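Written below as structure tokens is the structure these notes are about.
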């Protein structure tokens, strides 16, 4: 059954990727990228990776499409052609690298083979000890938040740096001049149906985001997915009501505060663990019972991750969407 | 006895849903014009949502999964027509033309 | 067994939607195909979670049903902005 699914989905993936590369119209490429992202999400789902599928669906098909469309507003619709002279060199380099990479994978074990050497040492430890050490069933959350907590701390900092980088490039400070004016626009205010339906949907999206945040230990979920879903709710509000109203509801400073607050919360949990006598990010010293202490530590750092991701996605969206396009050549 | 009936009713609804999905897909390929394709896609989407989710709810009985399925069905029924409205509005205001009438009476009247 | 039949039917419709996205003469055909693909994904996720027997995966279908709307509304806003600022319609 999985093979039938994989056959359909991987063929569609190749067809979509070829169509994305061949088109010169960036708007079409954006729509095809949204389909690509959904295909990847279903692929991950077929491979039983529910957390990753949820993140890919929430980020790829929702937020990324909207951010690309906001960026397309500021630039022209067609890509410039490339220089013809360097094309053959590029093709030769790509084909050589592909052949080398594929020939390197010939002797590796099959995908998902339980007897592969990589699955013999660390993975059985996580699978056997999660229920005993943590007290909840979701192994992915246990690995991500507790066994490999340092890596997740690094990921939160990377999200922070990405948001700050975008704000530097797009020059998000307050200033004077034509490109700093908020574009005067009404959002979708004159369209009654999207406003009514959006008004019904936004509270449920926020509620669902909070559910995914706190339910991440028992089912697919966690901080990254929840941050993306809550950010999508606020982006829907910004599309429906216009930039001015959306920035009054949730200002740029508040978004930056969320990013900084989330990262600091994560680091602060680590420092508190050190002050209580354990090593950095060793949650078992937070309370008397180590199992409960680990659960409390994981809830707090997942909250930090969710805050940081939500703030970062909103900052990036508003950096593009609030910018008025200066007169450009087509 | 009643459980067997409920299960077969659920299976019948699942088959109806699958048929509507396929009909919608074929309609999107074969219809001649953008607005007809939108019609095919959105109508069969709603029918498929109702049929498939009712079938799944009958199969799962009174559990948490039924509540989640009701929520998914409600959101799909709300957002489908809104997306169709948004797309049709964008296409119309961008000047995509409505098709000439395919009704032969109108064609006879308008022909010289 | 019925679940497998239904999921094959939904997968075939997804293939048809991608065909429309690649082929469609105007831009709005492709947006239509992307939106339709999204709804079919939500249906497929619900049916396959019953096929695999794991009810936790219904959360993914719920998330997807909520998020699908934002893309099409962003397209509408994009087109409105272009018409307003007088840059002309989206050509193909």
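The values are calculated or read from the model by the stated rules, or taken from the named source; none is laboratory data. This one's a predicted model, so the numbers in the text were calculated from it and none came from an experiment. Every residue, glycine as well, gets a Cβ built from its backbone with ideal geometry; the counts of neighbours run over all protein chains shown.
At-a-glance table
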| item | result |
| --- | --- |
| Residue in segment A:65-80 that is touching a strand residue (DSSP E or B) at 6+ places or on another chain (Cβ under 9 Å) and within 14 Å of chain C (Cβ to nearest Cβ) present | yes |
| Residues of segment C:1-19 satisfying the condition of being free of Cβ contacts under 8 Å to residues at least 24 places away in the same chain and at the interface with chain B (Cβ under 7 Å from one of its Cβ atoms) | C:2, C:5, C:9, C:12, C:16, C:17, C:19 |
| Segment A:210-225, residues that are outside any loop (DSSP other than H, G, I, E, B) and touching a residue at least 40 places away in the same chain (Cβ under 8 Å) | A:212, A:213, A:214, A:223, A:224, A:225 |
| Segment A:186-206, residues that are within 25 Å of residue A:152 (Cβ to Cβ) and surrounded by fewer than 22 Cβ atoms within 10 Å (Cβ to Cβ) | A:206 |
| Meets criteria (outside any loop (DSSP other than H, G, I, E, B), surrounded by fewer than 22 Cβ atoms within 10 Å (Cβ to Cβ) and in contact (Cβ under 8 Å) with a residue 40 or more places away in the chain) for residue A:261 | yes |
| The lone exception for residue A:24 - which of (1) under 28 Å from residue A:140 (Cβ atoms); (2) in contact with a strand residue (DSSP E or B) (Cβ under 8 Å, 6 or more places away or on another chain) it fails | (1) |
| The listed residue being touching a helix residue (DSSP H, G or I) at 6+ places or on another chain (Cβ under 8 Å), more than 21 Å from residue A:296 (Cα to Cα) and buried (at least 16 other Cβ atoms within 10 Å of the Cβ), out of A:143, A:159 | A:159 |
| Unique match (being touching a residue at least 40 places away in the same chain (Cβ under 8 Å), closer than 30 Å to residue A:140 by Cβ and crowded, with 18+ Cβ neighbours inside 10 Å) among A:58, A:6 | A:58 |
| Residue within segment C:55-65 that is buried (at least 24 other Cβ atoms within 10 Å of the Cβ) and within 12 Å of the chain's Cα centre (by Cα) present | yes |
| Unmet requirement for residue B:21, which otherwise passes all of (1) more than 25 Å from residue A:192 (Cα to Cα); (2) more than 10 Å from chain C (Cβ to nearest Cβ); (3) touching a residue at least 24 places away in the same chain (Cβ under 8 Å) | (2) |
| Evaluation of residue B:41 against (1) surrounded by 24 or more Cβ atoms within 10 Å (Cβ to Cβ); (2) under 15 Å from the mean Cα position of the chain (by Cα); (3) free of Cβ contacts under 8 Å to residues at least 40 places away in the same chain; (4) over 19 Å from residue C:55 (Cβ atoms) (one fails), failing number | (3) |
| Hits in segment B:27-47 - residues which are at the interface with chain C (Cβ under 7 Å from one of its Cβ atoms) and either under 18 Å from residue C:72 (Cβ atoms) or at pLDDT 95 or above (or both) | B:28, B:34, B:37, B:38, B:41, B:45 |
| Candidates B:2, B:96, filtered to the one that is more than 8 Å from chain C (Cβ to nearest Cβ) and over 19 Å from residue C:13 (Cβ atoms) | B:2 |
| Residue in segment C:20-33 that is more than 7 Å from chain B (Cβ to nearest Cβ), modelled with pLDDT of 90 or more, assigned to a helix (DSSP H, G or I) and closer than 22 Å to residue A:76 by Cβ present | yes |
| Odd one out for residue A:51 among (1) within 25 Å of residue C:77 (Cβ to Cβ); (2) within 11 Å of chain C (Cβ to nearest Cβ) | (1) |
| Criterion violated by residue B:21 - all others in (1) in a helix (DSSP H, G or I); (2) over 19 Å from residue C:9 (Cβ atoms) satisfied | (2) |
| Options B:87, B:52, B:77; residue that is in a helix (DSSP H, G or I) and more than 9 Å from chain C (Cβ to nearest Cβ) | B:77 |
| Of all residues making up segment B:58-74, the number that are more than 8 Å from chain C (Cβ to nearest Cβ), in contact (Cβ under 8 Å) with a residue 24 or more places away in the chain and either in contact with a strand residue (DSSP E or B) (Cβ under 6 Å, 6 or more places away or on another chain) or farther than 18 Å from residue A:205 by Cα (or both) | 1 |
| Residue that is surrounded by the fewest Cβ atoms within 10 Å (Cβ to Cβ), among those in segment B:56-97 that are closer than 20 Å to residue C:60 by Cα and out of contact with any helix residue (DSSP H, G or I) (no Cβ under 8 Å at 6 or more places or on another chain) | B:67 |
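Results for (1) modelled with pLDDT of 90 or more; (2) over 14 Å from residue A:282 (Cα atoms), shown as yes or no for each residue.
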site: A:124; (1), (2): no, yes
site: A:127; (1), (2): no, yes
site: A:131; (1), (2): no, yes
site: A:135; (1), (2): no, yes
site: A:146; (1), (2): no, no
site: A:150; (1), (2): yes, no
site: A:153; (1), (2): yes, no
site: A:159; (1), (2): yes, yes
